1. Look at the stretch 17-39 and say how many of its residues are exposed (fewer than 10 other Cβ atoms within 10 Å of the Cβ) and touching a residue at least 24 places away in the same chain (Cβ under 8 Å).
2. Restricting attention to the stretch 40-63, report how many residues are outside any helix (DSSP H, G or I) and either basic (K, R) or without any contact (Cβ under 8 Å) to a residue 24 or more places away in the chain (or both).
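Here, each number is a calculation from the coordinates, and none is a lab measurement. Everything numeric here is computed off the predicted structure, so don't read it as measured data. FYI the Cβ positions are ideal-geometry reconstructions off the backbone, even for glycines, and counts take in every protein chain you see.
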Amino acid sequence: MAPTALPPDRLLTIEDVAATCRVSDKTVRRWIKAKELAAGKLGNQWRITQKDLKLFILERREA
């Protein structure tokens, strides 16, 4: 029996998110601090899942 594979949800860095949204790293950090963008720490660096970034973008479009 083959193991069930979970779809990969790539972890993005602050720099990845900033480049995708065409904003500065500082802006992404502000979104995280304000809890507008879900993020978690991996070691000492923030990581954002692709799913959370997509939700964030959709919410901002609707606002």
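1. 0
2. 6
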